[in-house]
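Every number here is computed from the coordinates shown, using simple stated rules; none is lab data. Predicted model, so just to flag it, every value in this text is computed and none were measured. Every residue, glycine as well, gets a Cβ built from its backbone with ideal geometry; the counts of neighbours run over all protein chains shown.
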Amino acid sequence: MPLELNAIDPDWAWRTFEPSDESPWNDRLAAHLLRRAAFGGGRRELDAVLAVTPAEAVRRLVYETREPPELEQTLRDLSIAVLATGNPRNLTAWWLYRLSETPAQLREKMTLFWHGHFATGADKVTDIRLMFEQNQLLRRHALGSFSELVHDVSKDPAMLLYLDSATNRKAHPNENFAREVMELFCLGEGLYTEKDVQELARCFTGWEIRNEQFRFNRFQHDDGEKSILGRTGPFGGEAGIDIVLEQESCPRFLVAKLMRYFLFDEPEPPAALVDPLARDFRASGFQTAPLIERMLSSNLFFSDHCLARKIRSPLEFVLGILRGLESRTDAYALRDELEHLGQMLFYPPNVKGWDGGRAWIDSSTLLARANLVRQLVDQQKGRFAEGEIRALALGYGVKSTSELVDWLLGLLVAVPIPDSARAELIQLTQATMNRGGPFGEVVHALSTLPEFHLG
Amino acid sequence: MSIGLLRRSLFAAAMLLSASTGALADKGKTFDSPARLLPATTVFYAEVPRPTEVIAAIYDHAIADRLRAAPEYKAALATPQAFVFNAGLKLVENRLGMTWREAVAALTAGGVAVAFDPATQGGALLIRARDEATLQQLRDSLLGIVRDETEKRGQEIPLKSAEYRGIPVQQLGDLKFALAGPWLIAVNKDELGRNILDRYLDGTPDSLAAHPQMLAAKEMLPSPVSGWVWANLQQLRHLGGVLPQTLQKTDNPVAELMIGGLLGTLGESPFALAAVDVNPNHLELSFLSPHKPAWIDPAREYYFGTKGTGRAPRLLDLEGTLLSLSAYRDLSAMWLRSGDLFVDRIDAGFAEANANLSTLFGGKDFGEDILGAFAPEMQLVVSRQSFDGAETIPAIRVPAFAAVFRLRESDSGRDEFRRMFVNLIGFLNIVGAMNGNPQMDLRTIAHSGTEIHTATFVRDRRDDALAASIHHNFSPSIAFTENRFVIASTTPLARQLVDRLASSNDGDAPSEENTSLKISFPAIARIVDDNRRQLIAQNMLAEGRNREDAERQIGLLIEGLSLLRDLEFRITADDQRASIRLKLSFEESSK
């Protein structure tokens, strides 16, 4: 179906979705919500979402983000263990475990969004502790104020090291960070001049890293007058950021990017849809939680304009399988596989983060994805051991081979697959059952379907 | 084991026993050792005199009981393959009228041996049963099972029959079998089979048992012994290509340092012997061979001393020691003769290391001046750190380690080594600063009448509540006591060593060994326990387990370690023989 977003009435689009006979609150919509607002979910999570209204389900995802104390302790222990190794690559394994296990899924999804937005690479920073502290900062602000987040990120040692601003001196202002604040963090391309970048860079002079902590060196700060985006004054760094945040294009830039992250990859969201949310976003003081709540509970989100209109990132792809089948795996091996697939956490490809969308898919990554699923289902670690998938399905009352296939499709695939493909899967499942498993074969076959890569 | 494998094993066992018995027991002589049946040209011989005792020692050991109680073992038994195997085994036991252990005990009561004779290119298996009647009964039962199985599939047993001097012989493929009295004899060459049966019937005196090398080997054999292997190296060398004439240059410096000397003299030794002793208290492996100081290559005098009389100092045994090693090694001689000992690539590495280390040690030649300052006796010790009262406790706790060397000249080296230590810490501080690592403070501590020069890592902001850096496992230290030089990874271990060396003269009295190593499993268990949280976390990440399962895995590891007491490794060499002994002792509670 062609997307005609320009023709959509914004009032209808952002109104809260109410299930109806034509559009019932069912497995498909609940799984859609869990795929976008979380990293997928198992049957239990689907049932929990279906037990309440869509709006209530979204509210819980946005606001009920507290982790159980036992999990908090476990995650703390894991972080200590990983930090002790001193290797930032191990931090990726820690985050993968967290992404898979935490019930605060939306907060993690937003932390991942900010990680791509304020892209910082451990390959350059090299210090595991600084990367960890930045990740915690992003998590703290994940669903909070964007304004506070930008201010804190601007003083984050990992970010300043990554953008070469660790020693920003008045005689030689470093423009990297100032440029990214406008181009990548707040405004977007073409909405500022080169002069604005130079002047904003002067605001950040004297911002340094000493002993791995932010320090303001007043002797190296340029306290002269600066002209930024039409405002003139002896601005410091904080004031400079506030001037950028005041720009009309700032909330639009963020809302459009969040729409592409949560709703659809293409096309570019039209202004008519962006503007109402942008207005409210600014009015709320850049509070992210209400903005996300509104997006995810909207008619637009549950419409065909959004259903299966995103390509799953490698992370969404693999966590969707693991969480859907209530499985665990070797987080270190998974990290390495995600690296091959182009989404190594803490190692974004460049300062722009991951492109996403169609960039995730090409002939080699499709093959690599299928191979990854093969490895997951073949390995003896975690819960993908032989026969366990069937045992899991049996626990949910699945009796026949066709029920097993439909159960897997409901959990793992965003759109109905062709009847012929379904029939082949049933045949494969029957053959697998006849020889006593392993049922990972079926999941692997499922993962080779084009539909499987849509989120 | 699958049912297919069980079926194949049964078939082979039945074939072994299917050779005709004949009333031959009265014709044969009484032989107490299988070696008396083998020709003197045999070059390889292995014997297990009492297999039943070996099986009992392993199968009835408390460690085996613990393994059988483990959930993983029970889960393995619950698999369809295990179920089929056990059902098949039960069927066989029913047909035999005895358990598999009783059957093995009856079949092998007089021992089992295998041998290779190059003169005939034949291999032989000799099994002596409890008596002829038992052997026949087992043969009949197993053959019955195999016959039933093959008939079920509409096949016949592919067995050919013949006779040699009244002894019926049967053939399956290339294998020939004969039952001679209580003996079950299996060979792959007719000539060897005839040779063995001739000995059985005639009692020919020139058997392997009477071979001078075998007699010498028997003299050398430790007692008690559960099984042993003998190889005629002299003969094997003549065969060409089977054994190298002498040890080639090696590409493994650690292996050279540990056993290079022994391998070097093995090239001259007429035979080699390996023995194993299994009992509820320990498992001991021994490797022995004749040895003469004249066989020592000059390049490997670093290993034995010039007259082959080098002896290691006694092991250092401190509280919490998990590994202690003492050895006679002239490190300087080994370093300087690296060109004779190592392949070109490794030798080039030594040359490069020498140049780099010489720079670090103020222009002194590392091989000649630094290592040359040490007498050829070294002691290493690895020990658990308690961190009692420590201000900073690292997240990963690494054991402390130290080396003790005797100085050739007790006074001259001290200032030199102290200066080098200061230089080294300064160098590490500069490199550390470049890499964002913490810095070290240098101090000198007076202790037990001597000085300990030590460097301690400075606590920084990274050592927060989350986890102190791994650096805090280390406080490099050096000390001198009498003519000993101590270099330790931590100050507490340096203190312990200074006290230990000062309080006893044990360190001055050489041991009987050339090399001695002892590993303590309770100490390893405590170190694992110290790092339990770290290991559980890593297990969760690497194995995809939840916390409960990961905790159970690490608990099992610690429990497993608690069943073992220690592992000893000893190398001795005198003017008669050289030996390597490896002894694994079990804890009292595990027996």
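Using a Förster radius of 25 Å, what is the FRET efficiency between A:Thr53 and A:Trp12 based on their Cβ-Cβ separation? Nearest 0.05, please.
Here the calculated transfer efficiency is 0.85.
So who's got an amide H within less than 5 Å of the one on B:Phe342, skipping anything under 5 residues away but keeping other chains? H placed 1.01 Å off N, in plane.
So B:Phe342 has HN proximity to B:Thr250.
Could you rank the peptides B:80-87, B:181-188, A:48-55 by their average count of other C-beta atoms within 10 Å per residue, with the highest value first? It would help to have the intermediate numbers written out before the result.
Values: B:80-87: 13.5, B:181-188: 22.5, A:48-55: 16.6.
Ranked by mean Cβ neighbours within 10 Å, highest first: B:181-188, A:48-55, B:80-87.
Which lysines, on any chain, are close to B:Lys189 with Cα under 21 Å apart, when same-chain ones fewer than 8 places away are left out?
Here the lysines satisfying the reach criterion relative to B:Lys189 are B:Lys160, B:Lys176.
Any aspartates and glutamates with Cα under 19 Å of the B:Lys364 Cα? List them, leaving off those in the same chain fewer than 8 positions away.
Candidates past the 8-residue exclusion: B:Asp330, B:Glu352, B:Glu409, B:Asp411, B:Asp415, B:Glu416.
³J(HN,Hα) across the range A:414-426 via Karplus (A = 6.51, B = -1.76, C = 1.60, θ = phi - 60°), whole Hz, x for Gly/Pro?
Whole-Hz 3J(HN,Hα) from phi for the range A:414-426: 7, 10, x, 9, x, 4, 5, 5, 5, 4, 5, 5, 4.
If I take R0 = 60 Å and measure r between the Cβ atoms of B:Leu360 and A:Ser227 in this structure, what FRET efficiency does the formula 1/(1 + (r/R0)^6) give, to the nearest 0.05?
Once the sixth-power term is evaluated, E becomes 0.60.
If amide H atoms are built 1.01 Å from N in the plane of the peptide, which residues on other chains or at least 5 residues away come under 5 Å of the amide H of B:Arg577?
Result for B:Arg577 returns B:His291.
Could you check the simple spin-label distance between B:Asn86 and B:Asp60, using points 7 Å along Cα→Cβ, in nm with one decimal?
According to this spin-label approximation, the distance is 2.2 nm.
With labels modelled as points extended 7 Å from the Cα through the Cβ direction, what inter-label distance (nm, one decimal) is found for B:Glu102 paired with B:Ser410?
Distance between label points: 7.1 nm.
With point charges of +1 on the Cβ of Lys and Arg and -1 on the Cβ of Asp and Glu, referenced to the Cα centre of the protein assembly as shown, which listed residue (A:Leu163, A:His32, A:Pro416) lies farthest in the positive direction of the dipole?
Going by the Cα projections, it comes out as A:Pro416.
How high is the FRET efficiency from A:Thr167 to A:Gln379, r the C-beta distance, R0 51 Å, rounded to 0.05? Numbers along the way, then the final one.
On the way: r = 47 Å, r/R0 = 0.92.
Efficiency at R0 = 51 Å is approximately 0.65.
Express in nm, to one decimal, how much length is gained between B:Ala353 and B:Asp140 on full extension, taking 0.36 nm for each residue of separation and deducting their alpha carbon distance.
Here the segment from B:Ala353 to B:Asp140 would lengthen by 69.8 nm.
Tell me, what ³J(HN,Hα) does each residue in the range B:94-105 have, in order and in whole Hz, if you take phi through Karplus 6.51 cos²θ - 1.76 cosθ + 1.60 with θ = phi - 60° and put x for Gly and Pro?
These are the phi-based 3J(HN,Hα) values: 4, 5, 6, x, 7, 6, 5, 5, 5, 5, 5, 4 Hz.
Using helices alone, I'd like the mean residue ellipticity at 222 nm for the protein assembly as shown: each DSSP H run of four-plus residues gives -39500 (n - 2.57), total over residue count, nearest 500.
-14000 deg cm²/dmol
Report the gain in length on full extension from B:Thr79 to B:Glu319: 0.36 nm times residue separation, minus Cα-Cα distance, nm rounded to one decimal.
81.8 nm
Peptide A:325-331: average number of partner chain Cβ atoms within 10 Å per residue?
3
Using a Cα distance threshold of under 21 Å, what count of lysine pairs results for chain A when pairs must be 8 or more residues apart or interchain?
Close lysine pairs under the 21 Å cut-off: 14.
Does a label point 7 Å from the Cα of A:Leu367, set along Cα-to-beta-carbon, have any residues of the range A:313-354 with amide nitrogen under 19 Å, and which are they?
Once the point is set 7 Å along Cα→Cβ of A:Leu367, A:314, A:337-343 turn out to lie under 19 Å by backbone N, inside the range A:313-354.
Suppose the chain between B:Asp202 and B:Phe387 were pulled fully straight at 0.36 nm per residue; how much longer would it get relative to their current alpha carbon spacing?
59.3 nm
Against the longest alpha carbon principal axis of chain A, how many degrees, from 0 to 90 and to the nearest 10, is the axis of helix A:363-378 turned?
That works out to roughly 60 degrees.
Give me B:Arg101, B:Arg311, A:Arg28, A:Arg202 sorted ascending by neighbouring Cβ count inside 10 Å, so fewest comes first.
Working: B:Arg101 14, B:Arg311 21, A:Arg28 17, A:Arg202 25.
In order of increasing Cβ crowding within 10 Å: B:Arg101, A:Arg28, B:Arg311, A:Arg202.
For helix A:401-412, what angle does its Cα long axis make with the longest principal axis of chain A, in degrees from 0 to 90 and rounded to 10?
With both axes taken from Cα atoms, the answer is about 10 degrees.
Rank these for me by crowding, A:Trp12, B:Trp228, A:Trp360, A:Trp25, going from fewest to most other beta carbons within 10 Å. Can you show the working numbers first?
On the way: A:Trp12 11, B:Trp228 22, A:Trp360 25, A:Trp25 19.
Final ranking by Cβ density, sparse to dense: A:Trp12, A:Trp25, B:Trp228, A:Trp360.
Using alpha carbons only, how many degrees (0 to 90, rounded to 10) separate the axis of helix B:190-202 from the longest principal axis of chain B?
Between helix and principal axis, roughly 70 degrees.
Given H placed 1.01 Å from N in the peptide plane, which residues other than close sequence neighbours of B:Leu564 have an amide H under 5 Å from its amide H?
B:Glu587
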